[in-house]
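Undergrad: Have a look at the structure that comes next, please.
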Amino acid sequence: MSASGTLIGKEIVLAVTGSIAAVETVRLAHELRRRGARVQAVMSRAATGIIHPDALTYATGRPAITAITGMVEHVTSCGEGGTADLLLIAPATANTLCKIAAGVDDTPVTTFATTAIGRGMPVVVAPAMHESMYRHPGVAGCLSTLQGWGIVVAGPRIEEGKAKIAGISEIVLLCERELMGKPLLGRHVLITSGPCREKVDDVRILTTRSRGLMGRALAMQAFRLGARVTVVHGDRFVGAENVHAADARTMHKEVCRICADDPVDLFISAAAVSDFLPEPMAGKIPSGRPVTLTLNPLPKIIDDVVDRFHVPTIAFKLGDDAVARGKAMLRDSIGLVVANDPRAMGERDTSVTLLGEGGFMREASGSKEAVAAEILDCALDIFQFSKKEAKTSFPGR
């Protein structure tokens, strides 16, 4: 499934409360719809003083609900057998969060929340308030209560003395995770991503054209599918535990440390890891004359993961003969190889060949988000993962 269609067939109730962050909900509604969801807006009276209901009617394509009427809208959407699949309260004020935690029901938003929680349907809340309010022990206790009920909290960004609403991409990602069945729940997925940068002198580095787009897409898709995700790279991803590694030796060390200390259920070797280590020169190499660099081969990270730790692995093979060489890589724990064209490195779209045991071969092309979804769909079949009890809390939970 293309990640851009992850919410096709799903109905999300977007409940808006009286925070200035309500102005972000038009963009949020558009993003949910862009991913295929049907969106129904529900607003508290305070929210209508910040953003006009017509704005959300326009953004969702449905009349915004600003009052509960004889049509019992809350039951039709969030009651037993209701049409909605998820309730998203964004932004969620301190007042609303504490009312929900106490079972108080006096606005359209809290009425929808009471109904949804009683039904046991997925609920995501995105707090937004002044930081001092967020730090209040009563508010913190109410958030803890909600999390104890299984409600997902999209943690706010603490900036300028405010607990600002989480980014739209993070909120949507959490909604996707709650609605995609979590086939990787309780599984730990370790991913290497992006380029490595090897020192040539005090100024220059040796690297590749990789921007880490495939690694990012794989990390986000694994998170959507319920996994606990660790990414070893030089960037930072939402929804993952980020381990910084700028060069190949650091990446190798961190991957082995994680495999030894924190059992891994699936390793995805998506980084453009340096195959060679330059012998660095002191200072800056003078320009204007030929220079000879000595490049020494580096050990393969994937060999340690497979031979020492026996972790089920998805390998990547790059080059003009990637398919033939990829087939030769299938062994032991390497159950899936992604053969790709070097011309796709750094680009947003790609075309790959997925290779598995028994002559399995499948072509996949399109955006790296869409291809990442296909890769993990294949992995679920090949490695036959099943849900197991999650022992570690996930980012945003």
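Undergrad: When residue 71 is evaluated against the numbered criteria (1) farther than 19 Å from residue 107 by Cα; (2) surrounded by fewer than 22 Cβ atoms within 10 Å (Cβ to Cβ), which criterion, by number, is the only one it fails?
TA: The single condition residue 71 does not satisfy is (1).
Undergrad: Kindly indicate the residue of region 163-196 that is at pLDDT 95 or above and among the basic types (Lys, Arg) and also surrounded by the most Cβ atoms within 10 Å (Cβ to Cβ) among those meeting that condition.
TA: 177
Undergrad: Quick one: in region 339-360, which of the residues that are part of a strand (DSSP E or B) and free of Cβ contacts under 8 Å to residues at least 24 places away in the same chain is surrounded by the most Cβ atoms within 10 Å (Cβ to Cβ)? Explain how you work it out, then say what you get.
TA: Step one: list which residues in region 339-360 are part of a strand (DSSP E or B), which gives 339-340, 349-356.
This time we only want the ones that are free of Cβ contacts under 8 Å to residues at least 24 places away in the same chain, so: 339, 349, 351-352.
Numbers: 339: 22, 349: 13, 351: 13, 352: 26.
Checked region 339-360; the qualifying residue surrounded by the most Cβ atoms within 10 Å (Cβ to Cβ) is 352.
Undergrad: Anything in region 132-175 that is among the acidic types (Asp, Glu) and either in a loop (DSSP other than H, G, I, E, B) or in contact with a Lys or Arg (Cβ under 7 Å, 6 or more places away or on another chain) (or both)? List them, or say none. Walk me through it before giving the result.
TA: Here is the first cut: in region 132-175, the residues among the acidic types (Asp, Glu) are 159-160, 170.
Answer for region 132-175, where residues must be among the acidic types (Asp, Glu) and either in a loop (DSSP other than H, G, I, E, B) or in contact with a Lys or Arg (Cβ under 7 Å, 6 or more places away or on another chain) (or both): just 160.
Undergrad: Would it be correct to say that residue 257 is of a type outside the set (A, V, I, L, M), surrounded by fewer than 19 Cβ atoms within 10 Å (Cβ to Cβ), modelled with pLDDT under 95 and within 30 Å of residue 173 (Cα to Cα)? Can you show your working first?
TA: Numbers: of a type outside the set (A, V, I, L, M): yes; surrounded by fewer than 19 Cβ atoms within 10 Å (Cβ to Cβ): yes; modelled with pLDDT under 95: no; within 30 Å of residue 173 (Cα to Cα): yes.
No: the conditions fail for residue 257.
Undergrad: Which residues, taken from region 286-314, are in contact (Cβ under 8 Å) with a residue 40 or more places away in the chain and assigned to a helix (DSSP H, G or I)?
TA: Scanning region 286-314 gives 301, 304, 305.
Undergrad: Counting only residues that are in contact (Cβ under 8 Å) with a residue 60 or more places away in the chain, aliphatic (A, V, I, L, M) and assigned to a helix (DSSP H, G or I), how many does region 203-238 have?
TA: So the answer is 6.
Undergrad: Could I ask something else about it? Taking the stated definitions as given, is residue 283 at positive phi, surrounded by 18 or more Cβ atoms within 10 Å (Cβ to Cβ) and touching a residue at least 40 places away in the same chain (Cβ under 8 Å)?
TA: no
Undergrad: Take residue 109 and decide whether it is in contact with a Ser or Thr (Cβ under 9 Å, 6 or more places away or on another chain) and either of a type in the set (Phe, Trp, Tyr) or crowded, with 20+ Cβ neighbours inside 10 Å (or both). Spell out how you get there, then give the answer.
TA: On the way: in contact with a Ser or Thr (Cβ under 9 Å, 6 or more places away or on another chain): yes; either of a type in the set (Phe, Trp, Tyr) or crowded, with 20+ Cβ neighbours inside 10 Å (or both): yes.
Yes; evaluated as a whole, the condition is true for this residue.
Undergrad: Further question: If I ask for residues that are of a type in the set (Val, Ile, Thr) and crowded, with 24+ Cβ neighbours inside 10 Å, which ones from region 222-254 would you list? Don't jump to the end; show me each part of the working.
TA: Keep residues of region 222-254 that are of a type in the set (Val, Ile, Thr), which gives 229-232, 238, 243, 250.
229, 231, 232, listed by residue number.
Undergrad: Of the conditions (1) under 18 Å from residue 153 (Cβ atoms); (2) buried (at least 16 other Cβ atoms within 10 Å of the Cβ); (3) among the small types (Gly, Ala, Ser); (4) over 28 Å from the mean Cα position of the chain (by Cα), residue 102 clears all except one; give me its number.
TA: Evaluating residue 102 over (1) under 18 Å from residue 153 (Cβ atoms); (2) buried (at least 16 other Cβ atoms within 10 Å of the Cβ); (3) among the small types (Gly, Ala, Ser); (4) over 28 Å from the mean Cα position of the chain (by Cα) leaves (2) as the failure.
The values are calculated or read from the model by the stated rules, or taken from the named source; none is laboratory data. As the structure is a prediction and not an experimental result, all values here were calculated from the model. In this analysis, Cβ positions are derived from the backbone assuming ideal geometry, glycine residues included, and neighbour counts consider all displayed protein chains.
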